[in-house]
Amino acid sequence: MCRCDKLFREFKSGDLESIKSGGLTKNRGVYAIRIRKRGKPISDVISFMESFCKKTKWIGFTEYALDRTSRLENISRCPIIYIGAAPTSLRSRYKDLCGLRHTAFYPILALLMNGWRLDYEYFETERPEDFEKSLKDRYQEIHKYLPALVKN
């Protein structure tokens, strides 16, 4: 349990790996990524991604992917690692998360490939940007920092 759990009490939740995007609402909202089970140590996860990226010999890709993946070093005891808004729909934002259009894609991919299990939690609201800001502010009041994969 974490002190911030109360902030996410009203959120619906599903196993990130097995959610089918078609089953998610088309409504707008806010979502969070929560650690359900930890896998290999973060240092191993980052080393894995460094090795993977260097095999491509693609400098631009490597810089981008490793910049995002380095945020994994911020993971602490709190299971919430990302909070974001879905201004168009929770379904479309989940699809973004499953592909290259999301800032957390590479770190999440690295975690999943190293035995971590994550949940996608979401809350429908007509004012996702306002709710996201409020949620991040309350999270920061509790922890004194933002979730690991959120860029300050």
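Here are a few things to note about the model shown:
- Taken together, the criteria exclude Asn114 from residues that are at pLDDT 95 or above, farther than 29 Å from Gly23 by Cα and not β-branched (Val, Ile, Thr).
- Lys12 falls short on exactly one of the conditions (1) in contact with a Gly (Cβ under 8 Å, 6 or more places away or on another chain); (2) under 23 Å from Leu146 (Cβ atoms), and that condition is (1).
- If the condition is being touching a Leu at 6+ places or on another chain (Cβ under 8 Å) and of a type outside the set (A, V, I, L, M, F, W, C), then the range 69-88 contributes Arg71, Asn74, Tyr82.
- Thr62 vs. criteria over 18 Å from Cys98 (Cβ atoms) and in contact with a Cys (Cβ under 6 Å, 6 or more places away or on another chain): yes
- Residue pairs whose Cβ atoms lie under 9 Å apart, separated by 6 or more positions or on different chains, with the first residue in the range 14-30 and within 21 Å of Arg127 (Cα to Cα) and modelled with pLDDT of 95 or more and the second part of a loop (DSSP other than H, G, I, E, B) and charged (D, E, K, R), are Asn27/Glu126; Arg28/Glu126; Arg28/Arg127; Gly29/Glu126.
- Taking each residue of the range 83-95 that is within 14 Å of Glu129 (Cβ to Cβ) and touching a residue at least 24 places away in the same chain (Cβ under 8 Å) and looking for partners that are among the basic types (Lys, Arg) and buried (at least 24 other Cβ atoms within 10 Å of the Cβ) with beta-carbon atoms closer than 6 Å, six or more apart or interchain, yields Ala86/Arg93.
The values are calculated or read from the model by the stated rules, or taken from the named source; none is laboratory data. Everything quoted here is computed from the prediction, not taken from an experiment. Please note: Cβ atoms are built from the backbone with ideal geometry, for glycine as well, and neighbour counts cover all protein chains shown.
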